[in-house]
Amino acid sequence: MTTKDHSGEAAVELMPYDPSWPSLFDQERAVLEPALAPWLAGPIEHVGSTAVPGLIAKPVIDIMAAVESLDASRASIFAVAEIGYVYFPYRPDVMHWFCKPSPAIRTHHLHLVPIGSRLWTERLAFRDVLRRDSSTAADYATLKQRLAKQYKFDREGYTDAKAPFIRRVVALALG
C-alpha cells in the first residue's frame, strides 16, 4: 500500500457489468461529437472495462477520441469544459485527460489520444482481446478485484498495478 495522501479521492469500487453502459457511451458520444468536431481525426471509442460485456468495472464510462496531435487539439480543452468535463494533466505527454463531473465523483473519463499512436493502438488491442477471450477477461477480473481491495483509496496505484498484466496481453495481441 502506498503512503500518498489521497483524501478527497473516490474509492476504487467495482461493480458487476451493467448492460446500460454501452448506451451511456452512445449518449455521451452524441454530446462529444459536435463539441470535438474541429479536432476529431477518427472515431470516438468506448474503451476500458465498461466496454467489455460481462466484465466487472468501476462504473465510469471510459471514452477515447482520436485527435491528429496533442498540440493541434489543445483548444479542445476549453470546448469539452463547456459540456462538463474537467481537464487534468494526467500523462500529458500522450493524451489530454478529463473526468466528468468532478475528480471526486466520476461518471466519465475522456482521453483525447493521437490516432495511430502507441496508446491508441494498445488501448483498442487490449479491449478487443478482453471482448473475444473470456479466459483473459476472467483473469483480469480476478486481478482487478484483488487490486481494488489493496488500493481502495489510491486510484493511481490501482491503475499502475494493472499495468504489467495489460502490457503482457497487449504484447501477445500485437505480436
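Going by what's in this entry, would H46 be described as modelled with pLDDT of 95 or more, closer than 26 Å to S134 by Cβ and in a strand (DSSP E or B)? Considered against the rule, which asks whether it is modelled with pLDDT of 95 or more, closer than 26 Å to S134 by Cβ and in a strand (DSSP E or B), H46 comes out as yes.
Of all the criteria given as (1) more than 20 Å from D26 (Cα to Cα); (2) of a type in the set (G, A, S); (3) in a loop (DSSP other than H, G, I, E, B), the one not satisfied by G84 is (1). Could you tell me whether the stretch 56-63 includes any residue that is at pLDDT 95 or above, loosely packed, with under 14 Cβ neighbours inside 10 Å and not in a loop (DSSP other than H, G, I, E, B)? Looking for residues that are at pLDDT 95 or above, loosely packed, with under 14 Cβ neighbours inside 10 Å and not in a loop (DSSP other than H, G, I, E, B), one finds none in the stretch 56-63, hence no.
For the stretch 81-97, filtered to residues that are over 27 Å from L174 (Cβ atoms) and within 16 Å of the chain's Cα centre (by Cα), the residue that is surrounded by the most Cβ atoms within 10 Å (Cβ to Cβ) is Y85.
The values are calculated or read from the model by the stated rules, or taken from the named source; none is laboratory data. Because the structure is a prediction, the values reported are computed rather than measured. Don't worry about glycine lacking a Cβ; one is built from the backbone with ideal geometry, like all the others, and counts go over all protein chains shown.
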